[in-house]
1. List every residue pair whose Cβ atoms lie under 8 Å apart, where the two residues are 6 or more positions apart in sequence or sit on different chains, the first residue falls within the range 18-37 and is free of Cβ contacts under 8 Å to residues at least 24 places away in the same chain, and the second residue, located anywhere, is small (Gly, Ala, Ser) and not in a loop (DSSP other than H, G, I, E, B).
2. Among residues belonging to the range 40-84 that are touching a strand residue (DSSP E or B) at 6+ places or on another chain (Cβ under 7 Å) and of a type in the set (Ser, Thr, Tyr), point out the one that is most open to solvent (accessible area, probe 1.4 Å).
3. For Thr57, state whether it is touching a residue at least 24 places away in the same chain (Cβ under 8 Å), touching an Asp or Glu at 6+ places or on another chain (Cβ under 7 Å) and hydroxyl-bearing (Ser, Thr, Tyr).
4. Pick from Leu23, Leu35: which is surrounded by 10 or more Cβ atoms within 10 Å (Cβ to Cβ), of a type outside the set (Ser, Thr, Tyr) and more than 25 Å from Val105 (Cβ to Cβ)?
5. For the range 118-140: of the residues being at pLDDT 85 or above and of a type in the set (S, T, N, Q), which is surrounded by the fewest Cβ atoms within 10 Å (Cβ to Cβ)?
6. Grab the strands (runs of 3 or more DSSP E) fully contained in the range 10-105, keeping just those with 2 or more residues being of a type in the set (Phe, Trp, Tyr) and touching a helix residue (DSSP H, G or I) at 6+ places or on another chain (Cβ under 6 Å).
7. Of the residues in the range 1-25, how many are more than 17 Å from Lys64 (Cβ to Cβ) and acidic (Asp, Glu)?
8. Mind listing whichever residues of the range 85-103 are touching a Phe, Trp or Tyr at 6+ places or on another chain (Cβ under 6 Å) and surrounded by 23 or more Cβ atoms within 10 Å (Cβ to Cβ)?
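The values are calculated or read from the model by the stated rules, or taken from the named source; none is laboratory data. All figures in this text were calculated on a predicted structure; none of them were measured in a lab. Note: ideal-geometry Cβ built from the backbone for every residue, glycine included; neighbour counts use all protein chains shown. The protein model used for the area step is the full one, side chains on, heavy atoms only, and it has no ligands, DNA or RNA in it. Shrake-Rupley method; radii C 1.70, N 1.55, O 1.52, S 1.80 Å.
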Amino acid sequence: MAAFARARTSELAEPVARLWPDLAARDLRAPEIGLVMLRGRIGGDGAAFNLGEATVTRAVVEIKGGYRGYGQRLGREPATARLAAVADALWQNEQERARVEAEIVTPVTRRLAAESLQAKSEAAATKVDFFTLVRGESEP
């Protein structure tokens, strides 16, 4: 579900249209946009506080065979949330799981790993090492 939630629209739409062209997904919960409260903790273990709100889109679909898929993503993208739900429903079907993994999950996780590596290398380029030079003199 994490890969589906972070996938680009094209990373979901293209494989679904190409591999499952006749797929009829029934909306159990049409895509809807809402807000969620983001909570944080100071230092990771301090008292919880409300950080703010974030826009989220969610959808629930059912495909042939009774497989239900759930899609959620940050932002206002109803079509992408629905595609994520369709991909999740297909993944629930053991006969389709390998194709979903190969055609959707693997490319998305590779892209996310490459983007993470790029961000880390850009951050590393700005790293500053501080050190103290010791003078040969001693102060009284």
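1. Leu35/Ala54; Val36/Ala54; Met37/Gly52
2. Of everything passing the filter in the range 40-84, Tyr70 is most open to solvent (accessible area, probe 1.4 Å).
3. yes
4. Result: Leu35 is the single residue among Leu23, Leu35 that is surrounded by 10 or more Cβ atoms within 10 Å (Cβ to Cβ), of a type outside the set (Ser, Thr, Tyr) and more than 25 Å from Val105 (Cβ to Cβ).
5. Here the residue is Thr126.
6. The qualifying strands (runs of 3 or more DSSP E) are 67-74.
7. 2
8. Ala85, Ala87, Asp88, Ala89, Val100 - these are the residues of the range 85-103 that are touching a Phe, Trp or Tyr at 6+ places or on another chain (Cβ under 6 Å) and surrounded by 23 or more Cβ atoms within 10 Å (Cβ to Cβ).
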